[in-house]
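Visitor: If you scroll down you'll find the structure; I have some questions about it.
The values are calculated or read from the model by the stated rules, or taken from the named source; none is laboratory data. For clarity, every value in this text was computed on a predicted model and none was experimentally measured. FYI the Cβ positions are ideal-geometry reconstructions off the backbone, even for glycines, and counts take in every protein chain you see. With ligands, DNA and RNA removed, areas are computed over all heavy atoms of the protein, side chains included. Shrake-Rupley method; radii C 1.70, N 1.55, O 1.52, S 1.80 Å.
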Amino acid sequence: MRVVVIGGSGHIGTFLVPRLVRAGHEVVSISRGQHPGYGADPAWEQVRQVTADRAAEDAAGTFARRVAELGADVVVDLICFTPESAAALVEALRGRTGHLLHCGSIWRAGPSRRLPMTEENGPPPLGEYGIGKDAIARLLKAETRNGGLVTTSLHPGHIVGPGWHPIGPLGNLDPAVWRKLSAGEPVDVPGLGAEFLHHVHADDVAQAFEAAIARRDAVGGEDFSVVAPSALNVRGYAAIAASWFGQQAVLRPVTWDEFRRGAGEEAAQASWEHLVRSHYFSIDKARTLLGYAPRYEPEEAVLESVRWLVEHDRLEVAGPLRA
């Protein structure tokens, strides 16, 4: 099949595009640049690269038509963030493409009420990003239910992989936490430290997309949570991370006001956004209908990312990894 991957050089595309090539598909990758993702793979030599600025072309009303003219059997959309953009793409592909797969987010659900969460019991989303992702998923499900384009939505957790910084134990991207944990220094923790973060390795997400392409008839009109088999809370994540450096985590509970003063507004806001949701999702539906079998537990995925950062001098730590 001809598969068009929108956002093919990003975190998920880095692993998905080579998977699709090896599965025998003809792959077209659409991205803003020409770089082949975050990792070298000879499969990229067989990929047709198309350069496009989606935001600009969406504003001009040309992007969806451009995608449709590529004549794909399957379109995988990894970078759609507004219902308007999704609706335009659906309109252009209807009757021309056999299957549209959308990358959503676990943030389509709001703060947890029951754990593990499922695709059916997620509370209403909060914030512009989560509300938008939820609206897109509902739009796509209605499209398929009403006899239109066959669609499937996959909703990853916090994507981890070699080449970029993971969401850390405090729910933000501030690298200072890794230096403190690696040195055995105190780390200020807002809230209870019992809040969950649900990571997933980018290759496990790619695995799920590849499976959804192969099982179109079983997954049309469905949506799936795509995360690691388990989730870590703040205390557990910090303790595991410190142990990689032969240290014990020294956690100091603070109020959110104290945390904001110490961490800075940007990092503190990111922490609040992640920890207030306290997400931990079930993958039972993905296992049953997709055959989803994630290779990585969350700590394994994060360790791979941290190891890459340390080895490439992209992360300041106080001592060597011992894990």
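Visitor: Quick check on segment 7-40: of everything there that is surrounded by 17 or more Cβ atoms within 10 Å (Cβ to Cβ) and part of a loop (DSSP other than H, G, I, E, B), which residue is modelled with the lowest pLDDT?
Guide: P36
Visitor: Filtering segment 275-293 down to residues that are assigned to a loop (DSSP other than H, G, I, E, B), out of contact with any Gly (no Cβ under 8 Å at 6 or more places or on another chain) and open to solvent by less than 40 Å² (accessible area, probe 1.4 Å), which residue is nearest to L126 (Cα to Cα)?
Guide: Here is the first cut: in segment 275-293, the ones assigned to a loop (DSSP other than H, G, I, E, B) are 276-280, 282-283, 291-293.
Still in the list and also out of contact with any Gly (no Cβ under 8 Å at 6 or more places or on another chain): 276, 278, 280, 282-283, 291-293.
Within this subset, residues satisfying the condition of being open to solvent by less than 40 Å² (accessible area, probe 1.4 Å) are 278, 282-283, 291-292.
Details: S278: 13, S282: 20, I283: 22, G291: 30, Y292: 28 Å.
Out of the qualifying residues, it is S278.
Visitor: Follow-up question, since we're still on this one. Condition first: within 27 Å of P294 (Cα to Cα) and open to solvent by 20 Å² or more (accessible area, probe 1.4 Å). Now tell me which residues in segment 145-157 satisfy that.
Guide: V150
Visitor: Another question about this same structure. Can you name every residue in segment 53-79 that is open to solvent by less than 50 Å² (accessible area, probe 1.4 Å), within 25 Å of the chain's Cα centre (by Cα), within 23 Å of A23 (Cβ to Cβ) and not small (G, A, S)?
Guide: Within segment 53-79, V67, V74, V75, V76, D77, L78 meet the criteria.
Visitor: Out of curiosity, is D223 at pLDDT 95 or above and open to solvent by 10 Å² or more (accessible area, probe 1.4 Å)?
Guide: Against the criterion (at pLDDT 95 or above and open to solvent by 10 Å² or more (accessible area, probe 1.4 Å)), D223 does not qualify.
Visitor: Among the candidates L115, L192, single out the residue that is more than 26 Å from V310 (Cβ to Cβ) and modelled with pLDDT under 95.
Guide: Numbers: L115 fails: modelled with pLDDT under 95.
Matching residue, one of L115, L192: L192.
Visitor: Can G161 be described as within 18 Å of E304 (Cα to Cα), within 13 Å of the chain's Cα centre (by Cα) and open to solvent by less than 30 Å² (accessible area, probe 1.4 Å)? Reasoning before the result, please.
Guide: Values: within 18 Å of E304 (Cα to Cα): yes; within 13 Å of the chain's Cα centre (by Cα): yes; open to solvent by less than 30 Å² (accessible area, probe 1.4 Å): yes.
Answer is yes for this residue.
Visitor: Here's a check for you: in segment 133-144, which residue that is touching a residue at least 12 places away in the same chain (Cβ under 8 Å) and over 22 Å from H199 (Cβ atoms) is surrounded by the most Cβ atoms within 10 Å (Cβ to Cβ)?
Guide: Once the filter is applied, the top-ranked residue is L140.
Visitor: Looking only at segment 92-117, count how many residues are of a type in the set (S, T, Y) and over 17 Å from the mean Cα position of the chain (by Cα).
Guide: 2
Visitor: Out of the residues in segment 186-210 that are part of a helix (DSSP H, G or I) and out of contact with any Cys (no Cβ under 9 Å at 6 or more places or on another chain), which is most open to solvent (accessible area, probe 1.4 Å)? Break it down stepwise before answering.
Guide: Step one: of segment 186-210, the residues part of a helix (DSSP H, G or I) are 202-210.
After this cut, where a residue has to be out of contact with any Cys (no Cβ under 9 Å at 6 or more places or on another chain) as well, the list is 202-204, 206-208, 210.
Working: A202: 0, D203: 18, D204: 1, A206: 0, Q207: 30, A208: 1, E210: 47 Å².
If we take residues in segment 186-210 being part of a helix (DSSP H, G or I) and out of contact with any Cys (no Cβ under 9 Å at 6 or more places or on another chain), then E210 is most open to solvent (accessible area, probe 1.4 Å).
Visitor: Continuing with this model, one more query. Could you look through segment 171-185, keep only residues that are among the aliphatic types (A, V, I, L, M) and open to solvent by less than 20 Å² (accessible area, probe 1.4 Å), and pick out the one that is farthest from the chain's Cα centre (by Cα)?
Guide: L181
Visitor: Out of the residues in segment 211-250 that are of a type in the set (S, T, Y) and assigned to a helix (DSSP H, G or I), state the one that is farthest from V27 (Cα to Cα).
Guide: Looking only at segment 211-250, we keep the residues that are of a type in the set (S, T, Y), and these are 225, 230, 237, 243.
From the residues that got through so far, the ones that are assigned to a helix (DSSP H, G or I) too are 237, 243.
Working: Y237: 37, S243: 42 Å.
Step by step, filter segment 211-250, then rank; the result is S243.
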